[in-house]
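In what follows, a structure is listed as structure tokens, so that the remarks can point back to it.
The values are calculated or read from the model by the stated rules, or taken from the named source; none is laboratory data. Since we're looking at a predicted model, the values are computed, not measured. Every residue, glycine as well, gets a Cβ built from its backbone with ideal geometry; the counts of neighbours run over all protein chains shown.
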Amino acid sequence: MQIGSIGVVGAGTMGNGIAQACAVAGFPVTLTDIAQPQLDRAIKNIEGSLERLVKKEKMSDDARNTALGKITTTTDLGAIGSSDLVVEAATEHLPLKLEIFGKLDAAAKPGAIIASNTSSISITKLAAATKRADRVIGMHFFNPVPVMQLIELIRGLQTSDETYQAVEAVSKALGKTPVKVRNSPGFVVNRLLCPMINEAVFAFSEGLATAQEIDDAMRLGCNHPIGPLALCDLIGLDVQLAVMQVLFEGFKDPKYRPAPLLVEMVEAGYLGRKTGRGFHTYG
């Protein structure tokens, strides 16, 4: 199975990053979202990202224009019907993803692969919402997509070898390094990373140190490029909470219990960089 064209469903931060990476690699991309303003913002973000590469002389003007020409935007989900691979990049919310997967199954052409960019939700469960479970796979990109090299490829119980091999080839064509992961709550990266962030929230709530001191300690003592609380702000406290809830529900182990302060901050709307306030404040 060879992938020639790609559909991306969801034009938020991850969706527009995935669309950019695919277009730069030469794939025709259909980017869809329910709202035109979201699509307009996505194209503006992609244009800005490519322009920065041109200014840094990492991309030519012609290459930028070619990449932009590869991307088509639409609010019509049916437009993904011509795509060989469809990547879902919607909000990390199981009922929403199940609904979307049912619609994608109906809209995608026979034989097309449907991938989810989920960071924690069961691929087996998403696949079961379709009539093509053998052609469903997890394709977990990392933010910012054009920069980060890893893609976690998650096989559901039903995922065929042919599907895995086709998506592995696409991942390499994007210049990424795919890592094969068995379906399990949080997969590899978030199973390790999110509990660390959660523990940092516990430490902060207990007054062990200030948010800045906790971040400085992990940057300077463990050589992390960014502290755990600043990283939580970057990821989004709501996303961090969603992953912890998946881990807690999936393993039924109290070590994955979300920190109460994390829950309360999400309830307050303090979601990090995207709202201007999380464990740190942003202008």
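Would you be able to say whether some residue in region 184-194 is surrounded by fewer than 17 Cβ atoms within 10 Å (Cβ to Cβ) and free of Cβ contacts under 8 Å to residues at least 24 places away in the same chain?
Yes, there is a match, as at least one residue in region 184-194 is surrounded by fewer than 17 Cβ atoms within 10 Å (Cβ to Cβ) and free of Cβ contacts under 8 Å to residues at least 24 places away in the same chain.
In region 48-77, how many are under 13 Å from P146 (Cβ atoms) and of a type in the set (D, E)?
Here the count works out to 1.
Looking at (1) over 14 Å from the mean Cα position of the chain (by Cα); (2) modelled with pLDDT of 95 or more, which one does L150 not meet, given that it meets all the others?
(1)
When you scan region 80-103, do you find a residue that is over 29 Å from N190 (Cβ atoms), assigned by TED's automatic domain parsing to the domain that holds A35 and of a type in the set (S, T, N, Q), even just one?
Yes.
Identify, please: which residue in region 264-283 is loosely packed, with under 15 Cβ neighbours inside 10 Å and over 17 Å from D215 (Cβ atoms) and is, among those, modelled with the lowest pLDDT?
G283
Go through region 233-263 and give me each residue that's outside any helix (DSSP H, G or I) and either within 20 Å of D215 (Cβ to Cβ) or touching a helix residue (DSSP H, G or I) at 6+ places or on another chain (Cβ under 7 Å) (or both).
Quick first cut of region 233-263, residues outside any helix (DSSP H, G or I) only: 236, 252-253, 257-259.
Scanning region 233-263 gives G236, R257, P258, A259.
For region 236-257, which residues satisfy the criterion of being within 21 Å of the chain's Cα centre (by Cα) and over 22 Å from N183 (Cβ atoms)?
Of everything in region 236-257, those that are within 21 Å of the chain's Cα centre (by Cα) and over 22 Å from N183 (Cβ atoms) turn out to be G236, L237, D238.
Could you go through region 174-182 and let me know if any residue there is more than 26 Å from P28 (Cα to Cα) and part of a loop (DSSP other than H, G, I, E, B).
Within region 174-182 (the criterion being more than 26 Å from P28 (Cα to Cα) and part of a loop (DSSP other than H, G, I, E, B)), the answer is no, since none of the residues qualifies.
Any residue that is surrounded by fewer than 21 Cβ atoms within 10 Å (Cβ to Cβ), closer than 17 Å to T118 by Cα and touching a Ser or Thr at 6+ places or on another chain (Cβ under 9 Å) - is there at least one of those in region 248-262?
Yes, there is a match, as at least one residue in region 248-262 is surrounded by fewer than 21 Cβ atoms within 10 Å (Cβ to Cβ), closer than 17 Å to T118 by Cα and touching a Ser or Thr at 6+ places or on another chain (Cβ under 9 Å).
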